[in-house]
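A.B. asks: Structure below; questions to follow.
The values are calculated or read from the model by the stated rules, or taken from the named source; none is laboratory data. Keep in mind that this is a model prediction, so the values were computed, not measured. Backbone-built Cβ (ideal geometry, glycine too); neighbour counts: all protein chains shown. Please note that ligands, DNA and RNA were not included when accessible areas were found on the heavy atoms of the full protein model with its side chains. Shrake-Rupley method; radii C 1.70, N 1.55, O 1.52, S 1.80 Å.
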Amino acid sequence: MTGSDQHILVIGAGQAGLQAAETLRSNGFEGRISLYGDEPYAPYHRPPLSKAWLTEKIDERQLTIRDISALERKGILLRTGSVIEAIDPHARSARVSDGSLVHWSGLVLATGATPRRLPGSESSKAVHVLRSRRDATEIAERLQHCAREGRPIIIIGGGFIGLEVAASARKLGLDVTIVEAASRLLERVLSSDLSQWYADLHRSRGTKLLIGAQVSNIEPVGPDQAIVHFADGRSVQAGLVLTGIGVIPNDGLARKAGIECDNGIVVDDCCRTSVPNIVAAGDCTVRRLPDGAKIRLESVQNAVEQGRSAALALLGKEKPFTETPWFWSDQYGIKLQIAGLSHGADTWVRRGESSESGFSIFHFKQDRLIAVDSVNAVKDHMLARRVIGTSAAPTIEQVQDARFDLFTLRSKSA
Ligand SMILES: Cc1cc2nc3c(=O)[nH]c(=O)nc-3n(C[C@H](O)[C@H](O)[C@H](O)COP(=O)(O)OP(=O)(O)OC[C@H]3O[C@@H](n4cnc5c(N)ncnc54)[C@H](O)[C@@H]3O)c2cc1C
């Protein structure tokens, strides 16, 4: 699919959609490319929304990944504020919110994900979720308001977004409580050792943690406050309640069009869906692995790699997605970087003292290195991305041996 009479429609002007559009152009696609996004902005970076955007450390220009004129120069038509309401794979058309019909020869679904909400909290000005630039701008205003009025904030969910917002709010001097229903922070992604380290970090910076606490409901109070009620009868009032309890993939368009979905649009390792000429990328997808298991990743790297892979698949230049997954999080200026997936690990080894000056946790499954979590240890992270899944990966004994120089393995992996 490269001819100038072809039209590829990309739905979702986020990281994955942008990457797909640009990859199409840079790989010889001469036809029309349209990038439709329901938000009123050109594609922008989401990670700063829980970090520097809240503390006003970056401006709009720095948040933008690609502005409309840069896209125009590449021959990519960006349509902001345009919701695609339905797609028809047989007629190869899509219905836009302004009533128009767009015909396509190839389709990229890059619709992202929507934050989960707690029931009953939608109408309150004090209760928020964080996904979009608009959400973040409203939260930033609320934080300023709470700082002025001396009102505490409550964050429900001790995952990455909750912890990052907590760190940003503490920078602004706010009274912050994190509520986590599980027995520890970041339970699904970090070892218990590292979870504890992060709990200690947040406490040391003045954040209160309520671990193992079940929220029963949120009650709006007046125009701009809310009370969080807990299952054990306690309740806490706040000027801002942020719920950071995960996301739901936006797979509705695909599901209604008969494309296979299973908590996300099911794609193979080249981002092909169950329907020819329709590919999908980013947070809206769930990837079927060769052994039949399915995996959902939510990260910039996944959106970028899948966006690229999806575009190449439409051009008949399939490139399986094989990169080691990686992710980062910034809290109080401390950088956590994760390479690989630690799920199913049976052994972990810490390298370096657990301090802010840098250490890493190496995860092994049946003696094979599968993931490395690095705290202020960028070199460990870069090495991990290179060696995980290769014969150059260190053994448990090598990681345990403080005298063994892991970086000698770099040359083995080259
Ligand atoms: C606050 C925050 C902090 C984060 N921090 C990190 C981090 O530190 N490191 C990291 O690796 N990842 C981080 N992430 C995750 C990362 O940003 C996402 O995984 C990535 O942006 C996903 O890109 P995407 O293109 O799949 O989805 P999105 O960026 O969500 O883009 C999808 C777009 O499609 C639009 N859309 C949906 N349906 C339609 C429709 N029918 N018609 C038109 N448009 C539609 C959506 O509104 C959205 O604009 C963070 C995410 C958030 C929200």
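A.B. asks: Once phi is turned into ³J(HN,Hα) by the Karplus curve 6.51 cos²θ - 1.76 cosθ + 1.60 with θ = phi - 60°, what whole-Hz value does each residue of the range 11-20 show in order, with x for glycine and proline?
C.D. replies: Using θ = phi - 60°, the values come out as 9, x, 9, x, 4, 6, x, 4, 4, 4 Hz.
A.B. asks: As an exercise, identify the GluC sites (Glu not before Pro) in the range 285-357 lying in DSSP coil whose Cβ has no more than 11 other Cβ atoms within 10 Å.
C.D. replies: Answer by residue number: GLU353.
A.B. asks: Express in % the proportion of alpha carbon pairs of the range 330-414 at distances exceeding 19 Å.
C.D. replies: Roughly 31 percent, once rounded to a whole number.
A.B. asks: Which three lengths, in whole Å and largest first, does the range 125-228 cover when its Cα atoms are put on their principal axes?
C.D. replies: Computed over the range 125-228, the largest-to-smallest principal extents equal 40, 29, 25 Å.
A.B. asks: Another question, then. Is the range 272-414 rounded, prolate or oblate when judged by the Cα gyration tensor, a ≥ b ≥ c being the square roots of its eigenvalues, rounded requiring a/c under 1.5 and prolate requiring a/b larger than b/c?
C.D. replies: Note, shape of the range 272-414 comes out prolate.
A.B. asks: Can you tell me the FRET efficiency between GLU30 and GLU260 if r is taken as the Cβ-Cβ distance and R0 is 41 Å, rounded to the nearest 0.05?
C.D. replies: Once rounded, the FRET efficiency stands at 0.85.
A.B. asks: With label points built 7 Å along Cα→Cβ from the Cα atoms of LEU77 and GLU187, find their separation and express it in nm.
C.D. replies: Using points 7 Å along Cα→Cβ, the separation is 5.0 nm.
A.B. asks: For Cα pairs less than 8 Å apart in space and 6+ apart in sequence, what is the mean separation divided by the residue count of the range 74-187, i.e. the relative contact order in percent?
C.D. replies: Relative contact order, the range 74-187: 14 percent.
A.B. asks: Between ARG234 and ASP346, what is the label-to-label distance in nm when each label sits 7 Å out along the Cα-to-Cβ direction?
C.D. replies: In this crude spin-label approximation the distance works out to 3.9 nm.
A.B. asks: To continue, here is another question. Helix-derived [θ] at 222 nm for the chain: sum -39500 (n - 2.57) over DSSP H runs of at least 4, divide by residue count, nearest 500?
C.D. replies: -7000 deg cm²/dmol
A.B. asks: Rounded to the nearest whole Å², what accessible area per residue is found for the range 153-246 with the 1.4 Å probe?
C.D. replies: Result: 39 Å² of accessible area for each residue.
A.B. asks: Percent of accessible area on the chain owned by carbon and sulfur, 1.4 Å probe?
C.D. replies: 48
A.B. asks: Between GLN366, GLN301, GLN196, which gets the highest mean-square fluctuation from a Gaussian network model of the chain, Cα cutoff 10 Å?
C.D. replies: Answer for the Gaussian network model of the chain: GLN366.
A.B. asks: Calculate, axis by axis, the spread of Cα positions in the range 108-178 along the three principal axes, and write the results as whole Å, longest axis first.
C.D. replies: That gives 45, 24, 20 Å along the principal axes, largest extent first.
A.B. asks: Still on this structure, I have one more. Below 26 Å, Cα to Cα, which lysines can LYS125 reach? Residues fewer than 8 away in the same chain don't count.
C.D. replies: Once the sequence-local lysines are set aside, what remains near LYS125 is LYS51, LYS57, LYS171, LYS208.
A.B. asks: Regarding the range 29-175, what is the average projected area of its C-alpha convex hull, in nm²?
C.D. replies: In nm², the orientation-averaged hull projection of the range 29-175 is 11.2.
A.B. asks: Just subtract the alpha-carbon distance of ILE396 and ILE68 from 0.36 nm times their residue separation and send over the number in nm, one decimal.
C.D. replies: Stretched fully, the ILE396-ILE68 segment lengthens by 113.1 nm.
A.B. asks: By its C-alpha gyration tensor, with a ≥ b ≥ c as the square roots of the eigenvalues, how is the range 62-148 shaped: rounded for a/c under 1.5, else prolate for a/b larger than b/c, else oblate?
C.D. replies: Oblate shape, in that a/c is at least 1.5 and b/c is the bigger or equal ratio.
A.B. asks: Another question, if that's okay. Excluding same-chain residues fewer than 8 positions from LYS294, which lysines have a Cα within less than 25 Å of its Cα?
C.D. replies: LYS256, LYS317, LYS319, LYS365
A.B. asks: Something else now. Please list the three semi-axes, largest first and in whole Å, of the ellipsoid equivalent to the range 1-88, using sqrt of 5 times the eigenvalues of its alpha carbon gyration tensor.
C.D. replies: 27, 15, 10
A.B. asks: Can you pull out the trypsin sites (Lys or Arg not before Pro) in the range 170-263 that DSSP calls coil and that have at most 16 other Cβ atoms within 10 Å?
C.D. replies: ARG188, ARG205, ARG234
A.B. asks: Using the Cα gyration tensor of the chain, with a ≥ b ≥ c the square roots of its eigenvalues, what is the shape: rounded (a/c below 1.5), prolate (a/b larger than b/c) or oblate (neither)?
C.D. replies: Here the chain falls in the oblate category.
A.B. asks: Convert 25 °C to kelvin, take the viscosity as 0.890 mPa s, use the Kirkwood radius over C-alpha pairs of the range 299-369 as Rh, and evaluate the Stokes-Einstein diffusion coefficient in µm²/s, rounded to a whole number.
C.D. replies: The diffusion coefficient I find is 168 µm²/s.
A.B. asks: Now, a different point. Starting from the amide H of ALA226, placed 1.01 Å from N in the peptide plane, find each other amide H under 5 Å away whose residue is 5 or more places distant or on another chain.
C.D. replies: Counting only residues 5 or more places away or on other chains, the set is VAL221, ALA238.
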